Amino acid sequence: MSKTFAVIGDPINHSLSPNIHSAAFRDLNLDCSYIAYRIPRGELKEGIESLKKIKIDGFNVTIPHKIEMMKYLDKTDESCSLIGAVNTVINNEGILKGYNTDMDGFLDPFKKKKIRIQDTKILLLGAGGAARAIVAGFAKEKAQHITIANRTLEKANNLKQFANKIGLNSDSITIENLGSNLEEFDIIVNATSIGLKNEPSPISFESIRPETIVYDIVYLPMNTDFLKKGKQKEATIIYGYEMLLGQAARAFEIWHGTEAPYNAMKKALLGGI
Ligand SMILES: NC(=O)c1ccc[n+]([C@@H]2O[C@H](COP(=O)([O-])OP(=O)(O)OC[C@H]3O[C@@H](n4cnc5c(N)ncnc54)[C@H](OP(=O)(O)O)[C@@H]3O)[C@@H](O)[C@H]2O)c1
């Protein structure tokens, strides 16, 4: 029997998820379809009711619904309840179960490249929804310490408390006060939206070592100024599209119970960027 999937959010017309999942269906010859469905802020309840009426098999959740969607779930997996946000839902005869695949998606490139996180010192820029999933990922992998730098200090402080609560030593600072001596960090992640509009890197790369991992979760444009500066320092680069693919592959596995065709998904995504 054919199955239907969706991504919900607002705005949604530029989402790359329909492209990625449709490529996977074609590759594995699955009788499935995947649509982008715009649900404006404040209309989530009605939107979910319509999805249940058409017996949707599963859906991804993006901005601005990742936190509010928690209210409409009947069940949650561990990562979803830990992070307090959901990006993947499976519908089992009207019973909605939520997952957060952003955390595993973020960690996926480290696993693929065999980069060890344990005992490393991290600098995380940003303290929004994605940053929270990233903190949970670094805690899971037993990083030694995380410095959370954000434009708004209050949000960095809140995320610091979350990190400490789940066993990851952390401190917080504004991006402005970071300074240019960043030599101590093994991994530097941009989880702000800086770069989306081609803005310059929010930090100085003066002191960055070639052994440093430089990871930007912004995926459009693919080559942000932040990553270009990391490349100039010969650091190891991780692109935002790698996280995007990682979270999509994990969602695919939750819905279909089989390994995702990663290369076909990657080809479709890179063709679309
Ligand atoms: N690759 C992937 O799979 C993936 C997954 C999720 C998200 N993302 C990307 O990650 C980014 C963040 O997503 P999110 O869901 O965490 O968003 P969010 O919850 O809205 O958080 C946005 C973050 O960016 C900061 N920020 C925004 N504009 C800024 C500016 N002009 N200067 C300094 N800081 C600024 C915010 O700082 P304040 O707290 O000071 O406002 C906050 O820390 C987005 O670009 C999104 O596309 C990628």
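Overview of values
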read-out: Matching residues in region 4-49 - criterion: being touching a residue at least 60 places away in the same chain (Cβ under 8 Å) and in a helix (DSSP H, G or I); value: SER17, ASN19, ILE20, HIS21, SER22, ALA23, ALA24, ARG26, ASP27
read-out: Residues of region 73-111 that turn out to be surrounded by fewer than 21 Cβ atoms within 10 Å (Cβ to Cβ) and in contact with a Ser or Thr (Cβ under 8 Å, 6 or more places away or on another chain), as a count; value: 1
read-out: In region 185-198, residue farthest from the ligand (Cβ to nearest atom) [restricted to those that are buried (at least 21 other Cβ atoms within 10 Å of the Cβ) and closer than 19 Å to ARG151 by Cα]; value: ILE188
read-out: Test: residue in region 22-45 that is surrounded by 15 or more Cβ atoms within 10 Å (Cβ to Cβ), farther than 29 Å from LEU270 by Cα and of a type outside the set (S, T, N, Q); value: yes
read-out: In region 199-252, the residues that are exposed (fewer than 15 other Cβ atoms within 10 Å of the Cβ), among the acidic types (Asp, Glu) and either within 21 Å of LEU178 (Cβ to Cβ) or not assigned by TED's automatic domain parsing to the domain that holds LYS112 (or both); value: GLU199, GLU206, GLU211
read-out: Region 63-72 - residue that is part of a loop (DSSP other than H, G, I, E, B) and crowded, with 19+ Cβ neighbours inside 10 Å and, of those, farthest from the chain's Cα centre (by Cα); value: HIS65
read-out: Sole exception among (1) modelled with pLDDT of 95 or more; (2) away from the ligand (no atom under 14 Å from the Cβ); (3) assigned to a loop (DSSP other than H, G, I, E, B) for GLY179, by number; value: (1)
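The values are calculated or read from the model by the stated rules, or taken from the named source; none is laboratory data. As the structure is a prediction and not an experimental result, all values here were calculated from the model. All Cβ positions, glycine included, derive from the backbone under ideal geometry; neighbour counts span all protein chains shown.
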